[in-house]
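A.B. asks: Encoded as structure tokens, here's the structure I'll be asking about.
The values are calculated or read from the model by the stated rules, or taken from the named source; none is laboratory data. Only a predicted model underlies this, so the values are computations on that prediction, with no experimental measurement involved. Note that we place each Cβ from the backbone using ideal geometry, even for glycine, and neighbour counts take in every protein chain shown.
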Amino acid sequence: MINAALLAAVRGHAAACYPQECCGLIVGEGDSLCYHPCRNSDLFPARQFTVDPLDWVAAEERGVIRAVCHSHPNRAPQPSAADKLGCEQSGLPWVIVSVPGDAWTVLTPSGFCAPLLGRDFVWGVFDCFTLVRDYYREVVGITLPDAEPYSYNFWKNGEALYEQRLEAFGFIRHGQGEELRAHDVLLIPIRSTIANHAAIYLGDGQIVHHLEGQLSRRDLYGGFWQKNTRFIARHNALC
């Protein structure tokens, strides 16, 4: 699927974008393949990538998209959990190159499902709200609706986004005096007046949550978390 000329084009793009991640698409034009470089429109381009939507459309106008490419600056090309999830969602092979260096690999969809515990934090891919979504699908058996991507630091703009989203997804708000049940979602403000962190109550005084810069994990529900819970959200199917 990838020949020397395509690989050279990806590596050249990776070098030009370094130390940020490059991204691009391999496109089939008739009987030939070409590399279509794209802009990385991610908020954190030094550690992750998002193909600019306009560049994706432009690639589709050229031909059939056959693969997604991106670089790993200063690290090996081994796929991260976010890479594996993105590969599954795209349904396409992913070509990953290291820069600097010559190492590269191809990742193909294989049915990957990210574990709930031990995830790296990647905003919009693996964060506290995506953990709620995945927990409800995998543990509770409730698939929450798809939603538009949310802006980083939305609470600094005065948006009560998590509250609004949970209400739209069929959750009912309860006060702190409500007795907790397993699968309740707890909304907690951290250095904010707006709830900007979500955790799931597991029962037996434990929660599972995902803090920025840390792995998703279990914690005891007490101290800061209990004291600062703004409200409890319970899905109407569990009421």
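A.B. asks: Can you confirm whether the range 36-49 contains a residue that is in contact with a helix residue (DSSP H, G or I) (Cβ under 9 Å, 6 or more places away or on another chain), over 25 Å from PHE126 (Cβ atoms) and not polar (S, T, N, Q)?
C.D. replies: Checked against the condition, which is being in contact with a helix residue (DSSP H, G or I) (Cβ under 9 Å, 6 or more places away or on another chain), over 25 Å from PHE126 (Cβ atoms) and not polar (S, T, N, Q), the range 36-49 yields at least one hit.
A.B. asks: When you check ALA168 against the structure, is it over 14 Å from the mean Cα position of the chain (by Cα), among the hydrophobic types (A, V, I, L, M, F, W, C), farther than 26 Å from ALA16 by Cβ and exposed (fewer than 14 other Cβ atoms within 10 Å of the Cβ), yes or no?
C.D. replies: Working: over 14 Å from the mean Cα position of the chain (by Cα): yes; among the hydrophobic types (A, V, I, L, M, F, W, C): yes; farther than 26 Å from ALA16 by Cβ: yes; exposed (fewer than 14 other Cβ atoms within 10 Å of the Cβ): yes.
For ALA168, the condition - over 14 Å from the mean Cα position of the chain (by Cα), among the hydrophobic types (A, V, I, L, M, F, W, C), farther than 26 Å from ALA16 by Cβ and exposed (fewer than 14 other Cβ atoms within 10 Å of the Cβ) - is met.
A.B. asks: Would you check if there is a residue in the range 213-222 being at pLDDT below 95 and under 20 Å from the mean Cα position of the chain (by Cα)?
C.D. replies: Scanning the range 213-222 turns up at least one residue that is at pLDDT below 95 and under 20 Å from the mean Cα position of the chain (by Cα).
A.B. asks: Taking into account only those residues within the range 94-137 that are surrounded by fewer than 19 Cβ atoms within 10 Å (Cβ to Cβ) and among the hydroxyl-bearing types (Ser, Thr, Tyr), which is nearest to ILE2 (Cα to Cα)?
C.D. replies: Per the criteria, the residue is THR105.
A.B. asks: Could you figure out which of (1) under 19 Å from ARG133 (Cβ atoms); (2) at pLDDT below 95 isn't true of GLN176?
C.D. replies: Of the numbered conditions (1) under 19 Å from ARG133 (Cβ atoms); (2) at pLDDT below 95, the odd one out for GLN176 is (1).
A.B. asks: Quick one: would you say GLU178 is more than 17 Å from TRP123 (Cβ to Cβ), assigned to a loop (DSSP other than H, G, I, E, B), of a type in the set (Asp, Glu) and assigned by TED's automatic domain parsing to the domain that holds VAL132?
C.D. replies: Yes: the conditions hold for GLU178.
A.B. asks: Are any residues in the range 213-239 surrounded by 13 or more Cβ atoms within 10 Å (Cβ to Cβ), charged (D, E, K, R) and not in a strand (DSSP E or B), and if so, which ones?
C.D. replies: ARG230
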